[in-house]
Amino acid sequence: MKKILYLFAILAAAFSVSSCTNEVEDIFGETAAERAAKGVENVQKILEEAPNGWRMEYYGAKSFGGYNVLCKFNNEKVTFASEKLGKNHPAGFGEDGKVLTSESHYRLGQSQGVLLSFDENSNIFHYFSTPKNPDGYGTDDHGFEGDFEFSVVSATPEKIVLLGKKHQARIDMYPISADQTWESYLKSVEETEAYMGSRSYTLKGEGVEKEIKVVQNYRSMIFSYEEDSVTKDTKNVSAPYIVTPEGYVLYEPVEVDGIKISTILKGDKDGFYYLSDNNNIWLESEIPPLWETLKEGQWFVAYSEVGEFARPAWDAFHDKLLTGGKNGAEMTLYWAFIGTYQKHEAFHFQADNDYGYIPFTFESGSEDGSVVKINYNTGSANKVGRTYVTDFALEGVLKSFAGLGTRVRTFKIETDNPRLPTYLKLVDQKEPTNIITLYAREINLPFKN
């Protein structure tokens, strides 16, 4: 009898579930699969009906900031153009002045919502997502940290919001107006960046009560100010941004000592760039002397840009790393740079899991600030720094940059753009073969660059 009752219970439950399913489907008028298919069709319609395509505000790792990627969808194909990021990025403009383009295939599918994938290589677009970036951005296994597969968060003819499937960066897309050529848009972005670009700014204006310094690196600004007047602790606020014809649009609004910032407008007053949130507050660009630019920035070393005088010291350092790991294993130098990091003005480096620094003292050597005098002090280095000086032949590298103790090494500094330098070339004033070019962009694996 119990078995018969149990059987009836199962049948009743099954009938109940079946009835509920039918009721749900009747309420919506279609199955889940049908709704999913319609969602895909709707996104495809929106993508392809923009007559002049879309502008992506493309982000990977936030520290690199955002870049404009233009894209036109048609019959499961997409044509890309973008700003040129590095010298090996085949983007920007060709010799004829026309914007460079490349094609890919795109696919829409379902994966907990609509998924947009660009599944055919485009040397313009996939430059951002390749694990080993052709220009050395990021590490060998992460690169720029961009995505080529995206969840569609929302889609209307006015705006599409995507979320990177792997790295989770938000990508906003806006339709390009029919009367705007791709060439004119990217050219206007170039002009805005050239007009506003500066290595250093100061935030000034109504209600700005503290000195707030701003340093730009890639397309990210770091706002720095004294948070506590007693402890002298410094607060740093990072603000990645993208350049538009109107100015800098931040990835997301930030608050700097109570001041809200979302967009910084180009305006028409050179050197003064006002906040869209409050036109009584502005960024004022500065051109510090080159020796201060060297001291306050982070200037990366590439082995290929080390001159004849310093090359043997770097070779000796490299030889020690070849067998310096556990049980004689090879160690990897991930980066080395000169400048300020974690409040230390120093030579900084990362080898395997070891981060070391050896303090440098910088002093101006000329009235115009284009000459710098540098010395170093191993006694104030951290433990890793001292170990690498004694056990890894690092002292020879240090001596190519600086004098020890009271002695100094003097360099003339050359650059491409004092307001927004991409490199600083150090030319030794006593040793003509000691020429070292340092880069504002991060150089990973310096012995391979």
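Values in this text are rule-based calculations from the coordinates and carry no lab data. These figures come from a predicted structure and were not determined experimentally. When we count neighbours, we look across all protein chains shown, and the Cβ atoms used for this are built from the backbone with ideal geometry, even at glycine.
Listed values, structure above:
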{"quantity": "Whole-number D in µm² s⁻¹ for the range 236-340, Kirkwood Cα-pair radius fed into Stokes-Einstein, 10 °C, 1.306 mPa s", "calculated": "89 µm²/s"}
{"quantity": "Derived scalar couplings ³J(HN,Hα) [the range 386-392; Karplus, 6.51 cos²θ - 1.76 cosθ + 1.60; whole Hz; x for Gly, Pro]", "calculated": "5, 4, 6, 5, 7, 10, 10"}
{"quantity": "Nearest-ten-degree value, helix 182-196 long axis tilted from longest Cα axis of the chain", "calculated": "40 degrees"}
{"quantity": "Nitroxide proxy distance, nm - points 7 Å out along Cα→Cβ at Lys159 and Arg419", "calculated": "3.1 nm"}
{"quantity": "Ordering of 261-270, 214-223 by burial proxy (mean other Cβ atoms within 10 Å per residue, highest first)", "calculated": "214-223, 261-270"}
{"quantity": "Under 5 Å, built H, 5+ apart or other chain: amide partners of Thr244", "calculated": "Val249"}
{"quantity": "Residues with amide H under 5 Å from that of Tyr423, placed H, sequence gap 5 or more", "calculated": "Asp416, Asn417, Ala440"}
{"quantity": "Pairwise centroid distance, computed over Cα atoms, of the range 376-445 with the range 198-230, Å", "calculated": "27 Å"}
{"quantity": "Extended-chain gain in nm, criterion 0.36 nm per residue less alpha-carbon gap, Leu445 and Ser366", "calculated": "25.1 nm"}
{"quantity": "Relative contact order of the range 130-170, defined on C-alpha pairs under 8 angstrom at six or more residues apart (%)", "calculated": "28 percent"}
{"quantity": "3J(HN,Hα) from dihedral phi, the range 411-418, Karplus parametrisation 6.51/-1.76/1.60, rounded to Hz, x for glycine, proline", "calculated": "10, 8, 9, 10, 8, 8, 7, x"}
{"quantity": "Helical contribution to [θ] at 222 nm, DSSP H n ≥ 4, -39,500 (n - 2.57), averaged over the chain, rounded to 500", "calculated": "-7000 deg cm²/dmol"}
{"quantity": "Stretch gain in nm, segment Lys204-Arg386, where the contour uses 0.36 nm per residue and the Cα spacing is subtracted", "calculated": "61.4 nm"}
{"quantity": "Counted charge near Ile374, where neighbours are those whose Cβ lies closer than 11 Å (Asp, Glu -1; Lys, Arg +1)", "calculated": "+2"}
{"quantity": "At R0 = 35 Å, FRET efficiency that the Cβ-Cβ distance of Glu292 and Asp135 yields, to 0.05", "calculated": "0.80"}
{"quantity": "Other-chain or far-sequence residues with amide H under 5 Å of Gly297's (modelled H)", "calculated": "Thr340"}
{"quantity": "Cβ-based net charge around Glu345, under 12 Å, with every Lys or Arg adding one and every Asp or Glu removing one", "calculated": "-1"}
{"quantity": "C-alpha long axis of helix 2-28 to longest principal axis of the chain, angle in °", "calculated": "70 degrees"}
{"quantity": "Under 25 Å from the Cα of Lys210 - lysines, other chains or at least 8 residues apart", "calculated": "Lys232, Lys235, Lys260, Lys266, Lys269, Lys295, Lys343"}
{"quantity": "Rounded tilt (10° steps) of 311-322 against the dominant C-alpha axis of the chain", "calculated": "50 degrees"}
{"quantity": "Computed label-point distance, nm, for sites Gln112 and Tyr195 using a 7 Å Cα→Cβ extension", "calculated": "4.4 nm"}
{"quantity": "Difference of contour (0.36 nm per residue) and Cα-Cα distance, Asn88 to Glu41", "calculated": "13.3 nm"}
{"quantity": "Local net charge near Glu149, Cβ-Cβ under 11 Å (Lys/Arg +1, Asp/Glu -1)", "calculated": "+1"}
{"quantity": "Highest-MSF residue in the chain out of Ala61, Ala329, Ala310 [GNM, Cα springs under 10 Å]", "calculated": "Ala329"}
